[in-house]
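Quick notes on the structure that follows.
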Amino acid sequence: MSNVNYQSEGLENVLDFVRWGGSLFKKAELYFGHGTDNAFDEARVLVFFVLNLPAEIPENYWQAKLTAQERHQVTELFQRRIESRKPAAYLTGEAWFAGLRFIVNENTLVPRSPIAELISQSYAPWIQDAEAVTHVLDLCTGSGCIGIASLKAFPNSEVDLVDISAEALEVAQKNIDQYGLNDFAHAIQSDLYSALEGKQYDLIVSNPPYVDEIEMQALPEEFKQEPELGLAAGHDGLDLVRKILAEAPKYLKEDGVLIVEVGVSQYFVEQEYPELPLYWFEFEHGGEGVFAIQKSELELFQDVLDAKAFN
């Protein structure tokens, strides 16, 4: 972008560079939605990454001056963000979810699910006794963020992190390794439930691909940097959701619960399954399109679910 001026003369402290980055990003008309929702928060993420600062800093740190090398690194990162349109998380190789740092790359979606809010509440009231939960399935896990973070909610649990993408599972394994969770979290390559024969879970939680055909075509450039495999889900966005619903009862324990994020495809889910007693969460910190349903409720409509998933 030849019309962007990357000269940073006169800028000295943290606040200067965050303000400047935000101005550059607004001028470049970037899109935000991968952990931040505005230009200045995006700039803050990149500046703090270069300076190795935590997400929250004392007030006086904002006046700290950058070294010449730091100024150069920040400027270079701003330029890459504008010219590549890659979300900040792909430039830094990390993203924060549910208070935890996760390794990410272009083989995984950038963590941003509102399910983080459910994790902070130990999935109550859908899970009555968090200590009684022993087996959790994170279906379509990507970086592994939902499943790994869920271990915070369930101290006695193990989690299976399942994805069809071997490349995504490499990232999930790195996140398992960085937290020393190999005894509790298991990365499994599987096309939905295909490699899970005989397993049953207290909770199946899934953030599957759910973007419909029309929305895929209209996605901003930043979203097109993410793997299409993790986004596109057919004409109405429900290609995988239909199978997840139909097969879930087989893999849920007697009092088990299924929680699925479908985002803006909530409309299509409600049209497709008017008879299902789906509970739609309301989120205090933003987000939409996440439902919960119990195994016993799914079983009542097994014939309907099978007909829509496999016919």
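Any residue that is free of Cβ contacts under 8 Å to residues at least 60 places away in the same chain, part of a loop (DSSP other than H, G, I, E, B) and of a type in the set (S, T, N, Q) - is there at least one of those in the stretch 51-58? Yes, the stretch 51-58 contains a residue that is free of Cβ contacts under 8 Å to residues at least 60 places away in the same chain, part of a loop (DSSP other than H, G, I, E, B) and of a type in the set (S, T, N, Q). Being under 23 Å from residue 283 (Cβ atoms), in contact with a strand residue (DSSP E or B) (Cβ under 7 Å, 6 or more places away or on another chain) and not hydroxyl-bearing (Ser, Thr, Tyr) is a description that does not apply to residue 87. Of the residues making up the stretch 273-294, none is open to solvent by less than 70 Å² (accessible area, probe 1.4 Å), in contact with a Lys or Arg (Cβ under 9 Å, 6 or more places away or on another chain) and assigned to a helix (DSSP H, G or I). Consider the stretch 1-49 and keep the residues that are closer than 29 Å to residue 109 by Cβ and acidic (Asp, Glu). The one that is surrounded by the most Cβ atoms within 10 Å (Cβ to Cβ) is 42. If you go through the stretch 77-84 one residue at a time, do you hit one that is of a type in the set (Asp, Glu), outside any helix (DSSP H, G or I) and open to solvent by 70 Å² or more (accessible area, probe 1.4 Å)? No, there is no match, as no residue in the stretch 77-84 is of a type in the set (Asp, Glu), outside any helix (DSSP H, G or I) and open to solvent by 70 Å² or more (accessible area, probe 1.4 Å).
The values are calculated or read from the model by the stated rules, or taken from the named source; none is laboratory data. Owing to the predicted nature of the structure, the values given are computational and were not obtained by experimental measurement. Every residue, glycine among them, receives a Cβ derived from its backbone with ideal geometry; neighbour counts consider all protein chains shown. Heads up: the accessible areas ignore ligands, DNA and RNA and are worked out on the full protein's heavy atoms, side chains in. Shrake-Rupley method; radii C 1.70, N 1.55, O 1.52, S 1.80 Å.
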